[in-house]
Amino acid sequence: MAAAVNSGTRWTFVLDEPTRILIVDDDPILREFAVVHLASPSATIDTACDGAAARSRLRQSQYDVLLLDIEMPHLDGFSLLKEIRADEALRNLPVIMLTAHDDIASIDRSYQLGANSFATKPVNWRQLSYQIRSIVRTNRPERVADQTGSLQQ
């Protein structure tokens, strides 16, 4: 099936609100791709090469979302996620598992440990951008319910 042509559609940044993202992956090429594909005038992208380095970054800066690989040296993604959910200061940080593991056990364990979402490699960067935007918007602390129960910013 041929792809639909969207010649009249103007290209825009998906991450169009101030957003701080931490990408944790032991693959330097994936980290570089993430910076290139997710960066925008409004998005700040930081990277860490493993869970231990991410732990240090999380103590130094505040992030709106964490993209976390599962299989890494020193401290794997599952272990870091477990630490994050046990830490009062980080427990509400949205976490998207970003991994080549697409098996049921990895997916189930990620959600059982508290992941907000799950994405697989190879990465569709546009789709991931929308996923990040949705999760960040849903988890912004300044969103409050008005009298009618609808959310306002």
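General observations
- FRET efficiency estimate (nearest 0.05) - Cβ-Cβ, residue 36 to residue 87, R0 25 angstrom: 0.25
- Length-normalised contact order of the chain in % [C-alpha pairs under 8 Å, at least 6 apart]: 20
- With the simple model of a label 7 Å out from the Cα in the direction of the Cβ, residue 127 to residue 62 spans 3.3 nm.
- Helix-only CD estimate at 222 nm, as mean residue ellipticity for the chain, using -39500 (n - 2.57) per DSSP H run (n ≥ 4): -11000 deg cm²/dmol
- Label sites at residue 20 and residue 134, each approximated as a point 7 angstrom past Cα along Cα to Cβ, lie 2.6 nm apart.
- Computed over protein heavy atoms with a 1.4 Å probe, the accessible surface of the chain works out to 59 Å² per residue.
- Option label - Rg and Dmax of the Cα atoms in Å computed here, alternatives [x] 18.2, 57; [y] 18.2, 62; [z] 16.3, 50: [z]
- When the surface is traced with a 1.4 Å probe over the full set of protein chains, residue 140 keeps roughly 40 Å² accessible.
- Kirkwood hydrodynamic radius of segment 1-86, Cα pairs, Å: 14.3
The values are calculated or read from the model by the stated rules, or taken from the named source; none is laboratory data. Here the structure is a predicted model, which is why all the values come from computation and not from measurement. Here the Cβ is made from the backbone with ideal geometry for all residues, glycine too, and neighbour counts use every protein chain on show. With ligands, DNA and RNA removed, areas are computed over all heavy atoms of the protein, side chains included. Shrake-Rupley method; radii C 1.70, N 1.55, O 1.52, S 1.80 Å.
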